[in-house]
1. Can you tell me which residue among Gln362, Gln334 is open to solvent by 10 Å² or more (accessible area, probe 1.4 Å) and over 21 Å from Ala92 (Cα atoms)?
2. Out of all the residues in segment 431-452, is one or more open to solvent by less than 30 Å² (accessible area, probe 1.4 Å) and under 22 Å from Leu250 (Cβ atoms)?
3. Does Val146 meet the test of being touching a Pro at 6+ places or on another chain (Cβ under 9 Å) and either surrounded by fewer than 18 Cβ atoms within 10 Å (Cβ to Cβ) or in a helix (DSSP H, G or I) (or both)?
4. Has segment 389-398 got at least one residue that is in contact with a Pro (Cβ under 7 Å, 6 or more places away or on another chain), modelled with pLDDT of 90 or more and not in a loop (DSSP other than H, G, I, E, B)?
5. Out of Phe266, Phe252, report the one residue that is out of contact with any Phe, Trp or Tyr (no Cβ under 9 Å at 6 or more places or on another chain) and crowded, with 19+ Cβ neighbours inside 10 Å.
6. If you go through segment 732-773 one residue at a time, how many are surrounded by fewer than 20 Cβ atoms within 10 Å (Cβ to Cβ), more than 25 Å from Pro666 (Cβ to Cβ) and out of contact with any Phe, Trp or Tyr (no Cβ under 7 Å at 6 or more places or on another chain)?
7. Pairs, please: C-beta under 7 Å, at least 6 apart or cross-chain, first residue under 19 Å from Tyr795 (Cα atoms) and in segment 853-877, second part of a helix (DSSP H, G or I) and open to solvent by 50 Å² or more (accessible area, probe 1.4 Å)?
8. What are the pairs with Cβ atoms under 6 angstrom where one residue, in segment 419-430, is on the phi < 0 side of the Ramachandran plot and assigned to a strand (DSSP E or B) and the other, located anywhere, is of a type outside the set (A, V, I, L, M, F, W, C) and open to solvent by 50 Å² or more (accessible area, probe 1.4 Å)? Sequence gap at least six, or different chains.
Amino acid sequence: MSNEAELDTSVPPAGPDAGQDVGHDASLHTSPQAGASNPPPGVPAPAKSWAGGRIGSYVALVAGVVGLLAIVGHNTHSRWSVPLGLLFTLSAAGGLMDAMGTFDRVDLPARASTDFARLNAPLLSLALTIAAFTASLAGSVLSGRVPQIVWGLLVTTSFIALTAATFRLGVALGPLRTDEAGLERPLLMRHGFWVVVISAVLYLPCMGSFSLWDPWETHYGEVAREMIARDDWISLWWAQDGWFFSKPILNFWIQGLAMSLLGVRFEPDKWLVGDGSQPAMHPEWAVRAPVVLMTIAALYVLYKGVSKHFGRRAGLLGALVLATMPDWYFLAHQTMTDMPFVAPLAAAMGFLLIGMGEDPEQLVSGYVVTVGRRTFKFTGWHLIFGAILLCAIPQIAYLVSRNLSLLVSGPGPKGFQWHWDSFRSGSGMGNCGLPGNEACNVQRPVFPEWYAQPILQGLLWAGLLGGLLVRNAKEHRTRRLFYLAAWLCAAISTMGKGPAGIVLPVLCAGAYIASKKRWEEITRLELVSGLLIVATVALPWFIAMYVRHGAAFVNRLIVHDMINRVTDHVHDTNEGDDTSFRFYIWQLGYALFPWTAFAPAALVHWLKRNTTGDDRRADGSVLLFMWFLFVFALFSFAGTKFHHYIFPAVPAVAMLIGVMLDELLPKAGIPSREKHTETMLAASLFGGALLLGIIGRDLTTTPATGQVNGAIRLLQLFTYNYTRPWAENLDFHIPLLIVTGLGAVLCLVAIVRPWRVFSVPGFVALAFAAAIWGLDVYMVKTAPHWGQRELFEAYYRDRASADAKIVAYQMNWKGENIYTGNKIPAFVSSGAPFTEWVKKERERGARTVYFVTEHSRVSGLKREAGAKNYVEITTKELCNKFVVVRAEL
């Protein structure tokens, strides 16, 4: 998080609550006089740019491009590729923006001016905290001797220190924004800082201390691991299932980047043990870190958007509500595609809210920094277009490198070499040909023509990117810049799970415009530039995949996994359930727990008559409700229904709850509500207590059929097979009963208006405690039964040497693949191929073979394997689904 003095864009709402504490955005700060060219009093005018500085911009641009091409095109693996690639990308982006003259805009107002020497200490602090955070994450991955909770505390504290260092850099750039009383708000008085800190305390301490969950985390994690092992960041491979076409690329790229940066051992048989023999590695920290960081960033941006319309307290409450909802915090700890889809979507909606609250014609102001003989004016334009360039330039460079590779090892000539695009099928780094894995082969694109080569694709995207920059080089109107930021987030969301990332924000914005009849806003939404952003950021991978794989890719991803999931039932496991519109009402009850008590009232509370005279509150309410409505309608209509599909609606209802809670609390200058309003609030709070009791009953009791333990409903929010049995040795009904009972009591207490000042904060504290329990107790204890880490820890500890193989017998969950680096003979169907393989192993002298399988299939394994002796080295108490068996041949 950057300095909230630079990022807070909320303004005090008009009317009786105008004195409420609000924030400000200085990096996209609108000047008091739009278009003014003179700096504020006391701020020196920026010096004219040194003519020779232009040479430096071209040097930075060329060096960045060439360096990045070398990084993405070289034919070896290097842990330093990610930080070096980032530095070269920053060099290219900064050089390009400087060559365009964007740092020399003397016509824009300057908020503050400083010398670079004054930034040395804050920049050093920022660099050290970034290094500390990265090092703590790397240590948590690589060192198993230090307890995981210690690494969790180091990761959390270093991240908070990084947040504070970012704030200090913002303070050094310019003065703090004062509140309505003319007082500066230090770091600890800033609501946005506490949004980030509370999120970090919730999400970081135990983030990687438990197993990857079947099936989603292990499926997608194995695809990302293979992406690195095969050194192919376009065509994805999925163990024994071949090409992976089922999901867009974002989740795999962010996992792959984190694995590479933090030193995860992606080679066969190295995932848990590295170069040793004992399972000391914890790659789960690296796999989950990008999703958690996206979650925290989305919370912050959404907080900013709500603050803009309802004040900072409402934004803070909304963020805390969202952060403590099970659907949000569980999926923050799952490397599924859902959070990489919803977090950018939520950020897009946050930027839309901020933009809607800005004056249409006001301009951004900048910060002038003097570096030697050069002066640079930094504005919000550089933040937004710098982010666009960081997303687009590496993709362009990678496409170019598919035809222009850098050979630094192996036989033949070294240096940059031209070649036609080709790629390999099969598992990476020596797994080809293992039972269940097909042989590796060189592949040619379905469209091999010269005009379809990746280098020309890269040049196409570079041309569109150039057009986007030229079109917006002089665009410094604050509202439009925030809308462009929303487009960028929508493009990233589309990379996460598909076109819904664009469609939903566009639908919400269109509904808002239509409901308010503000048709002139269509021209301000930057539709052309927005589509160019989507094209240059989101489309390159889709086009590259189509060129390589043709109709097979389109039929699987677009037709089967997108269109058919809307029109038909694809893979869902809801047999016997009512999947009408009530399905997601039912699931939202668990997804929002314990905030379910306030959800129905919040979804209608926004309709009450606006008595403040502030249109922004009404505008924000309309957009939030439309967000919820469109998501609920879309996924209720869709044929395929998983419990987590309603997830995109959760942020909207959380923010509406936050706004309602804010209005329940007293405000200076606000008169007492009318008797009718208080009566309706009391009725809704009483009904909320009853509703919470019903949800708590479902979570703590087992139906008469005995098939579903109530507590399993929480993990079914993010798992796949809803008939999978609950672990008999786990019992969580007491903590769930406590949360339910206390929540219901606090709802009833809130009926009395003077007591709300205690009951609302009390409910927030209860939800926070419930989230800590959910993440650090419930999730940690249930993970061994829905994952496979502990099974393979047992295997590595038990085996005498690496020659003792482990075999997947009638398994297809992918945990067996990722935790062995796919160095595992896999027999999804057994029979003759399996018995023949066992016979050959016996003939070559193998004495011990391990098998991983389901408990229910052990008897079949014994019949087919024909071993002399079998020992189950794991128990049902450890994992009630799978077991590891040692067989003496």
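1. Details: Gln334 fails: open to solvent by 10 Å² or more (accessible area, probe 1.4 Å).
Within the list Gln362, Gln334, the selection yields Gln362.
2. No, segment 431-452 contains no residue that is open to solvent by less than 30 Å² (accessible area, probe 1.4 Å) and under 22 Å from Leu250 (Cβ atoms).
3. For Val146, the condition - touching a Pro at 6+ places or on another chain (Cβ under 9 Å) and either surrounded by fewer than 18 Cβ atoms within 10 Å (Cβ to Cβ) or in a helix (DSSP H, G or I) (or both) - is not met.
4. yes
5. Every option except Phe266 fails the conditions.
6. The total comes to 7.
7. Tyr870/Lys862; Ile873/Asp798
8. From segment 419-430, the pairs are Phe423/Gln443; Ser425/Asn441; Ser425/Gln443.
The values are calculated or read from the model by the stated rules, or taken from the named source; none is laboratory data. Since the model is a prediction, treat every value here as computed from it, not as a measurement. Methodologically, a virtual Cβ is constructed for each residue, glycine included, from the backbone with ideal geometry; neighbour enumeration extends over all protein chains shown. Side chains are part of the model used for accessible areas, which takes the heavy atoms of the whole protein and leaves out ligands, DNA and RNA. Shrake-Rupley method; radii C 1.70, N 1.55, O 1.52, S 1.80 Å.
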